[in-house]
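Scroll down for the structure; my scribbles are underneath it.
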Amino acid sequence: MDLVDRASAAYVEEYGGPPHRVAQAPGRVELLGNHTDYNGGLVLSAGIDRHTVVAAGPRTDRLACLFSLDLAARDQFHVDHQASFDAAWTRYPRGVVWALRERFGPLRSGFNAVILGDVPQGAGLSSSASLEAALAWACLGLGLIDLPINDSTRMDLARTLQRAENVYVGVACGLLDQFSTLFAAADSALMLDCANGHWERLPLVDDQGLAPAIVVCDSRTSRRLADGMYNRRRTECETVLDHYRQLRGNSLRWLRDLRLEDLERDWLALDPVGRRRARHVLTENQRVEAGRDALQRADLKTFGRLMSESHESSRLDFENSSEGLDRLIEAAREAPGFLGGKLSGAGWAGCTVNLVQAAAAADFASAVRDGVLRRGGPEPRLYVCRPAPGAGILEPR
Ligand code: GLA
């Protein structure tokens, strides 16, 4: 049974009738533009064919009743006030309802929902953003909030879900994750300018029109460390921005507005840690621009090389890689079909993302597994994915 069938069957069992709507939203990989989003920079990402699915139906009262099939756990809260929470997983759905209400007004009614998914959790593939988007989309599909679906309301929704995560859940993420899960398209990459919200879809195909495989390699290391380090990196980036604001005034909005030449010229006057963090952000921005040109030419070789350069910049300048992630990249470099690879998302743990010639994907995955074991690492989890469409409503079955 696929996810949709399982969600629908569980819904019938839990609530005694079929769901009215089934929504799904994909996980995402960050292809280029690491830690650029909160610096007002450029990001290139793609949705992957791993999803969170929400089967939902309206209620006659104002309760939200949730059943997580993966966790075999239930939660229930009032759609007009859901301030406190106990279990960690319920922060996300509660945050979504909170943010939807704050932005678009009270929900028309309560709802029942079954949630399940196959986006690996805690691996840096945005399982939480895909849960947020699938639930929000289910609420839209049920008509609980009145929002026409077009690209400008989609962006509004992405920012609303980002707010759920920033304010309600308390995770200081940028817009990348929510944007990607809402805007992704089949065989496409997404480019977002985080300073002004401009975005575009780019074909993620080679010169024969074939989409590459996106092979995600999970280092299986805990991401607990990542949360504290993520915030620290944000502060380190701000030290450089503050330095230039003192010189140029507060109109300097983003780190991204600096030029690499500024950093090079002022290198010795800058904070020794902050300047390397800033160099990563600025060179990443350049790589995204070069990556867009490469995708427009269907030049996946160049695109892959830029991804590998991004990993090096993470490793040396941003210092958000780890032994486990570096080992995965080393093993990938020797594997067949490899076009390029880098860590994906926050870093320090979680996954690498690799662009691989589709026909070689299975051989690539087994070569990476062997390569990591040979280097004494733990057996990685490997996911061969395709660039997949963004959040949407499916026909309930
Ligand atoms: C995490 C955050 C994103 C982004 C990446 C790094 O995935 O949630 O907003 O900052 O790290 O690029």
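The values are calculated or read from the model by the stated rules, or taken from the named source; none is laboratory data. Computed from a prediction, not measured in an experiment: that's the story for all the values here. As a convention, Cβ positions derive from the backbone with ideal geometry for all residues, glycine included, and neighbour counts pool all protein chains shown. The accessibility values were calculated without ligands, DNA or RNA, using every heavy atom of the protein model including side chains. Shrake-Rupley method; radii C 1.70, N 1.55, O 1.52, S 1.80 Å.
Strands (runs of 3 or more DSSP E) fully within region 273-385 that include at least 1 residues being free of Cβ contacts under 8 Å to residues at least 60 places away in the same chain: 338-343. Here the condition is being among the small types (Gly, Ala, Ser) and open to solvent by 20 Å² or more (accessible area, probe 1.4 Å); of Ala64, Ala23, Ala73, Ala56, it holds for Ala73 alone.
Of the residues in region 189-202, how many are open to solvent by 20 Å² or more (accessible area, probe 1.4 Å) and touching a strand residue (DSSP E or B) at 6+ places or on another chain (Cβ under 6 Å)? Qualifying residue count for the region: 4. Whether any residue in region 216-230 is at pLDDT 95 or above and either basic (Lys, Arg) or within 17 Å of the chain's Cα centre (by Cα) (or both) is what I want to check. Within region 216-230, one or more residues are at pLDDT 95 or above and either basic (Lys, Arg) or within 17 Å of the chain's Cα centre (by Cα) (or both). Remark: pairs (first residue in region 1-25, under 17 Å from Thr52 (Cβ atoms); second residue open to solvent by 50 Å² or more (accessible area, probe 1.4 Å) and aromatic (Phe, Trp, Tyr); Cβ separation under 8 Å; 6+ apart in sequence or on different chains) are absent.
Among the residues of region 146-162, those identified as in contact (Cβ under 8 Å) with a residue 40 or more places away in the chain, buried (at least 18 other Cβ atoms within 10 Å of the Cβ) and either of a type in the set (A, V, I, L, M, F, W, C) or assigned to a loop (DSSP other than H, G, I, E, B) (or both) are Leu147, Met155, Leu161.
Residues are listed down the side, and each one gets a yes or a no for (1) in a loop (DSSP other than H, G, I, E, B); (2) surrounded by fewer than 21 Cβ atoms within 10 Å (Cβ to Cβ):
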position: Gly95; (1), (2): no, no
position: Arg103; (1), (2): no, yes
position: Asn112; (1), (2): no, no
position: Pro120; (1), (2): yes, yes
position: Ala123; (1), (2): yes, no
position: Ala164; (1), (2): no, no
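Does region 226-246 contain any residue that is assigned to a loop (DSSP other than H, G, I, E, B) and out of contact with any strand residue (DSSP E or B) (no Cβ under 7 Å at 6 or more places or on another chain)? Within region 226-246, not a single residue is assigned to a loop (DSSP other than H, G, I, E, B) and out of contact with any strand residue (DSSP E or B) (no Cβ under 7 Å at 6 or more places or on another chain).
Val171 is checked against (1) away from the ligand (no atom under 15 Å from the Cβ); (2) among the hydrophobic types (A, V, I, L, M, F, W, C); (3) open to solvent by 10 Å² or more (accessible area, probe 1.4 Å) and fails just one. What number does that condition carry? Among (1) away from the ligand (no atom under 15 Å from the Cβ); (2) among the hydrophobic types (A, V, I, L, M, F, W, C); (3) open to solvent by 10 Å² or more (accessible area, probe 1.4 Å), the lone unmet condition for Val171 is (1).
Looking only at region 219-269, residues that are open to solvent by less than 50 Å² (accessible area, probe 1.4 Å) and farther than 25 Å from Ala172 by Cα come to 5 in all.
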